[in-house]
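The values are calculated or read from the model by the stated rules, or taken from the named source; none is laboratory data. Here the structure is a predicted model, which means the values were calculated and not measured. Here the Cβ is made from the backbone with ideal geometry for all residues, glycine too, and neighbour counts use every protein chain on show.
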Amino acid sequence: MRIHVFQHVPFEGLGAIGPWARANEHTLSATRFFNAERLPKLEDIDWLLVLGGPMGVQDEGSYPWLTQEKHFIEEAIKNGKTVLGICLGAQLIADVLGAKVFRNRFKEIGWFPIELTTTPASAPIFRKFPQQFEAFHWHGDTFDLPAGALRVAKSAACENQAFVYDGRIVGLQFHLETTRESAEQLIKNCAVDIIEAPFIQTPDEILSNDSRFAEINKKMEILLDALEPNIASIPQAG
């Protein structure tokens, strides 16, 4: 399977997704927008993975490539690709599907509980997830639920934490791919976000327990495994 990654900043990478892809012998390619790299041909990919970043979906003035990126995401959805968006990636998918993206009431940074809002029958991709679990967060924006999408999860600070659209498009506001190393990079590069607030933890709190990263990384693998069978329904080149 050919997975293409949209990466927005050097300090938000694949995390635990990289080892999963290599273990399952999938090919990985990337467009690193911070290096002004080219978009792929749509027929050359099976999955599109859209990672996070500190910019907002409306920041085309500062990041002109956002316009091209949104168009590519839209075309990927129309052409039957599997698309997974994380944090900014989820917001970009929501925007492309016509939903409003806006500043959330609270910034959410650190470890906070997620609650599923649907049943395994209606969202089979999440069928192996517990009703409640802890996830890693680093966001200030949120999105309305796109028309036709199924809301899958919420948290105390953010009403829309995850959605599924057409069974193969997934948006996660929270992070399951984050490793200790990638959390350290976020802390280093986005320290300005860490202020005293109800849903913002300190760096020490964020890094206090390595087992938390292991647990969310297992859930990332479960989610990717559940998405993987969608490849059978994707039109193949040639």
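Annotations for the structure displayed:
- Glu115 over 16 Å from Gly85 (Cα atoms) and surrounded by 16 or more Cβ atoms within 10 Å (Cβ to Cβ): no
- The stretch 160-175 - residue that is small (Gly, Ala, Ser) and closer than 20 Å to Phe102 by Cα and, of those, surrounded by the fewest Cβ atoms within 10 Å (Cβ to Cβ): Ala162
- For the stretch 84-124, residues that are modelled with pLDDT of 95 or more, outside any strand (DSSP E or B), out of contact with any His (no Cβ under 6 Å at 6 or more places or on another chain) and of a type outside the set (Gly, Ala, Ser) total 9.
- Counting residues in the stretch 181-190 that are touching a Leu at 6+ places or on another chain (Cβ under 7 Å) and β-branched (Val, Ile, Thr) gives zero.
- Tabulated pairs, the stretch 63-80, first farther than 15 Å from Lys41 by Cα and in a helix (DSSP H, G or I), second modelled with pLDDT of 95 or more and not small (Gly, Ala, Ser), C-beta under 6 angstrom, 6+ apart or interchain: Trp65/Phe33; Leu66/Glu60; Thr67/Glu60
- Any hit, the stretch 159-172, residues being assigned to a strand (DSSP E or B) and without any contact (Cβ under 8 Å) to a residue 60 or more places away in the chain: yes
- The single condition among (1) among the polar types (S, T, N, Q); (2) in a strand (DSSP E or B); (3) within 19 Å of Arg212 (Cα to Cα) that Thr142 does not satisfy is (3).
- Residue in the stretch 35-48 that is hydrophobic (A, V, I, L, M, F, W, C), closer than 19 Å to Tyr165 by Cα and modelled with pLDDT of 95 or more present: yes
- Enumeration of residues in the stretch 80-112 that are under 17 Å from Gln68 (Cα atoms) and touching a Gly at 6+ places or on another chain (Cβ under 9 Å): Val83, Gly85, Leu88, Gly89, Ala90, Gln91, Leu92, Ile93, Ala94, Leu97
- Selection of first residues in the stretch 193-204 that are over 20 Å from Met55 (Cα atoms) and at pLDDT 95 or above and of second residues that are part of a helix (DSSP H, G or I) and aliphatic (A, V, I, L, M), restricted to Cβ pairs under 9 Å at least 6 apart or on distinct chains, gives the following pairs, ordered by first then second residue: Pro203/Ala183; Pro203/Ile187; Pro203/Ala191.
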